[in-house]
1. Taking the chain as a Gaussian network, where each spring joins two C-alpha atoms under 10 Å apart, which residue of 293, 351, 415 fluctuates the most?
2. Mind listing the phi-derived Karplus ³J(HN,Hα) values for segment 264-278, rounded to whole Hz, using 6.51, -1.76 and 1.60 with θ = phi - 60°, and x for any glycine or proline?
3. Within segment 362-405, list the trypsin sites (Lys or Arg not before Pro) lying in a DSSP loop whose Cβ has at most 12 other Cβ atoms in a 10 Å radius.
4. Per the helix-only calculation at 222 nm, which mean residue ellipticity applies to the chain, given -39500 (n - 2.57) for every DSSP H run of n ≥ 4 and division by its residues, nearest 500 deg cm²/dmol?
5. Using each residue's phi in segment 386-398, evaluate 6.51 cos²θ - 1.76 cosθ + 1.60 at θ = phi - 60° and report the 3J(HN,Hα) Karplus result to the nearest Hz, with x for Gly and Pro.
6. If segment 141-270 were replaced by its equivalent ellipsoid, with semi-axes equal to the square roots of 5 times the Cα gyration tensor eigenvalues, what would those be, largest first, whole Å?
7. Using the Karplus curve 6.51 cos²θ - 1.76 cosθ + 1.60 with θ = phi - 60°, what ³J(HN,Hα) values do you get for each residue of segment 140-149, in whole Hz, with x for Gly and Pro?
8. For P(r) over Cα pairs in 20 Å bins from 0, in percent, the listed values are [x] 16, 37, 29, 13, 4, 0; [y] 22, 46, 27, 5, 0; [z] 26, 60, 13, 0; which was obtained by calculation from the structure presented?
Amino acid sequence: MRLGTRSFVGVLGLAGALTCVAATSRADEGAPPWTDEGEVPLAEGMRSVIPRKNESALYAIPGKLDARRGSVMGHARLPFFGTKRGPGCSGRWLSVGPLAWICSDVAELSDEPPLRPAPPKNATGLPFRYFFAGRDGARGYTSLARAEEESADTDLEQGFGVAVVGEREGRGGERFGLTRSGFLIPLKDLVAARTSGFHGEALAPGAPMDLGWVLPDKASTFAAPKAGQKPSGARVRFEVVHVSKVAGAFARTSAEGASPEEWMRLADLARPTLAPPPAEVGGEGAQERWIDVELATQTLVAYEGKTPIFATLVSTGKGPPKSELGTHLGVHRIWVKLLASKMDNLERDDVEHHYSLEDVPWVQFFDKGIALHAAFWHQRFGYVHSHGCVNLSPLDAERLFAFTGPHLPRGWSAVFPTAIERGTAVRVR
């Protein structure tokens, strides 16, 4: 919700945030930026706040460092609304939005207009270009000059993933990819990720949830629900079918009364099942949005109240639900959303293989370290495959990131829930 000046002041009042006394030099005493009474006046014309580094922290209440609100992109210019003194900041706390403050120790005021970039988008559903270190690994450098030296600034093992946000040309015309973490890596040492174009299906309100997806690379179809018969045709992986009837181990995937009939083995299909809302979202009286993850079918359904509006395939943890590699049963709420996050097991000495994936996109943590997120390194949706998280195709992860709360404001890279926007509930069953 976009707040006007009056609404914005009211929201900040909930946090005891501003005295709302304008600088005396301003002609309109009701307009921002506001400062505490008796505070040193601000320079005229300050319109935005620029963080000095990427991922600078935002807080819901100035001086309350355990009230994290989110993080900001390093190239954003956030709108400036006012200041307040408080602990944890040697300068002033700067208000940059509803329940959003940044310390002037890590940001500076500017007379430039606000610039709040939206997350990058492209047809793949991924915000960046992703690559893996090749067979011999890859070396990264902090500058092109460093690339001419013997020693690298970082080393990537085979299969380690990085997000590339630009390219540079070195001596002799060699091309380097600039990673989001700031390293330059020879592109000849990287292999581009081949991401899945799979995506789920929007569901019409009131229509039966009768869809399913073909799981094998190739699945036979039959003219009747009988064992031992010859196939009449075939369907391929990720094809969407609509089940009009179930008979024993077969599902009819042709419409009622259609001729010839088409049947498929139920074992070749992943079919989500309709589920009532949990008590945590209101039960039978539910109206809010929530997400249902069904381990048995490896599917996810997004609901508005009791109405399913979107369904798709997922990959959940390959261990039992209560194990370290399992996706835990229960109802949880999203407790933080990040545009991208690093995922690795490099600190583990008890594993056979290490992995490192930088800037995994569209991350929504809901059960401690378990999250909904995009997977650009596999296409096993419909089968268990993850280390506990709920893996989604990039297109589905992007869609659900926009669907759930709290919503990520433009110019931010992470957001935590607040009293005015709770995290969406996620049930795993």
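1. Between 293, 351, 415, it is 351 that shows the largest mean-square fluctuation.
2. My calculation for segment 264-278 gives 9, 5, 4, 5, 8, 10, 10, 10, x, 10, 5, 9, x, x, x Hz in order.
3. Here the sparse-neighbourhood loop sites are 368.
4. Helix contribution divided over all residues of the chain: -1500 deg cm²/dmol.
5. 8, 8, x, 6, 9, 7, 10, 4, x, 5, 6, 4, 4
6. Sorted largest first and rounded, they come to 53, 16, 11 Å.
7. x, 10, 7, 7, 5, 5, 5, 5, 7, 8
8. Given [x] 16, 37, 29, 13, 4, 0; [y] 22, 46, 27, 5, 0; [z] 26, 60, 13, 0, the structure-derived one carries the label [y].
The values are calculated or read from the model by the stated rules, or taken from the named source; none is laboratory data. Here the structure is a predicted model, which means the values were calculated and not measured. Positions of Cβ are backbone-derived with ideal geometry, glycine not excepted, and every protein chain shown enters the neighbour counts. Just so you know, the surface numbers come from the protein's heavy atoms only, side chains and all, with ligands and any DNA or RNA stripped out. Shrake-Rupley method; radii C 1.70, N 1.55, O 1.52, S 1.80 Å.
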